[in-house]
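The values are calculated or read from the model by the stated rules, or taken from the named source; none is laboratory data. As the structure is a computational prediction, the values presented were derived from the model and not from experiment. Reconstructed Cβ throughout: ideal geometry from the backbone, glycine too, with neighbour counts over all protein chains shown. Note: areas computed on protein heavy atoms with side chains; ligands, DNA, RNA excluded. Shrake-Rupley method; radii C 1.70, N 1.55, O 1.52, S 1.80 Å.
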Amino acid sequence: MQKNSQLNLGEFFTQTGYGLSELSIITADIHQGQQKPGVAKGPTTLLNGNLIQNLSPKFFDIKCYQGSESSLPFLKGSSNPYQRLFKKTKKIVQTQRQTLILGGDHSMSLGTLPALKYHYPNLKVLWVDAHGDINTPKTSPTGNLHGMPVAALLGLFPLQKRPSWEWFHPCLNPSDIVYIGVRDLDWGEEKIMNNYGIRYYTSEQVKQQGMHKVIEEACQYLNPEGEHPLHVSFDIDCLDPRYAPATGVPVKDGMTLNQVMDMASYIKSTQQLVSLEMVEFNPDEVEYPFEVNLTRACMERVIQNFL
Ligand SMILES: [Mn+2]
């Protein structure tokens, strides 16, 4: 046991919480889960704004793992981009710092969640999304992988039997996850959610009951004793398209920015958040250029409130 006087400030915070004073940022330009390649530009576009500048006063140290994956020797031999993201996340998360992952389409969770679960076996997940992302290849109307990550993570279809996916393993139980903001469930998805008793709150419920009640109930369900670390998988299409138009599959009647900011502040106050991923920002999917800046500004504010 080290004496306190020998600890530096970062170690001190790491030992007294989940390393909440230090932040790792991981970029994930995964776009293979759907048909709109612009989503791969999400992380760079976000980093070109004020994100790091805004976060700097909050953290003792911020490390950004951006750029070429070919420079990371431990990634050699992995041709599957999801496996590379899995390995990269696993390596970076072991430092026990708070983690912010910038995507990328939502199929990237197939790489990030198994890595997070490896380090935090009792991790719980808040999936903030307009969609269920819980289709299987049998129920999916599109066949796009970004609509299936939750189903694969729950083991509802054997993704690990596909070539180059042998490393993947289902790591979630239905009681590990709660959805907030859903409003566009496919027929098959609704059936799966009900069959497995998966809890979800629609954007309409948030409007009726108020975000405070919804998020309090969700956290109480996921983490009644407060001993579980939390991961938030935040799809920007949970927001109404008037706040976040730059996304591949926008759905009307979404949550307001204020509702989402309240949710984020509540999560922050619990001090259980070990990682946050922001997905589906696609700077190419806009009618007017200002919509990219608008979406980015909203994302910056949401991230600010979570961390
Ligand atoms: Mn999604």
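In the chain, which longest range has no trypsin sites (Lys or Arg not before Pro) that are both DSSP loop (not H, G, I, E or B) and surrounded by at most 14 other Cβ atoms within 10 Å? Intermediate results must be reported in sequence, preceding the final value.
Details: sites that count: Lys3, Lys76, Lys138, Arg242, Lys252.
The reported range is 139-241.
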Each label point is 7 Å from the Cα along the Cα-to-Cβ direction; what then is the distance between the points at His212 and Ser164, in nm?
5.0
Most mobile of Val286, Val232, Val150 in a GNM of the chain (Cα contacts under 10 Å):
Val286
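Expressed in nm to one decimal, what extension gain is obtained for the pair Ser175 and Thr44 from 0.36 nm per residue of sequence separation less their Cα-Cα distance?
On the way: separation 131, 0.36 × 131 = 47.16 nm, distance 3.43 nm.
In short, 43.7 nm is gained.
What does the charge count near Ile198 come to, summing +1 for each Lys or Arg and -1 for each Asp or Glu among other residues with Cβ under 12 Å from its Cβ?
Details: positive: Lys191, Arg199; negative: Asp133, Asp176, Glu189, Glu190.
Net charge in that neighbourhood comes out at -2.
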Tell me, what is the 1.4 Å probe accessible area of Ile26, in Å² to the nearest 10?
0
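Taking GluC sites (Glu not before Pro) as candidate sites, keep only those in a DSSP loop with at most 15 other Cβ atoms within 10 Å, then name the longest stretch of the chain containing none of them. Show your work: numbers first, answer last.
On the way: sites that count: Glu166, Glu225, Glu227, Glu287.
The longest such stretch corresponds to 1-165.
Keeping every protein chain in place, order Phe59, Phe234 by accessible area at 1.4 Å, biggest value first, i.e. largest first.
Phe59, Phe234
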Give me the percent of DSSP beta bridges within the chain that run antiparallel, rounded to the nearest 5.
0
Which of rounded, prolate or oblate describes the chain when judged by the alpha-carbon gyration tensor and an a/c cut-off of 1.5?
rounded
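Using a Förster radius of 35 Å, what is the FRET efficiency between Gln53 and Thr270 based on their Cβ-Cβ separation? Nearest 0.05, please.
Values: r = 26 Å, r/R0 = 0.75.
So, using R0 = 35 Å, E works out to roughly 0.85.
Summing Lys, Arg as +1 and Asp, Glu as -1, what charge do residues with Cβ under 9 Å from the Cβ of Val39 carry, Val39 excluded?
Overall, the nearby charge balance is -3.
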Please list, by residue number, everything in the range 182-225 whose backbone N is under 18 Å from a paramagnetic label point 7 Å out along Cα→Cβ of Asn258.
203-215
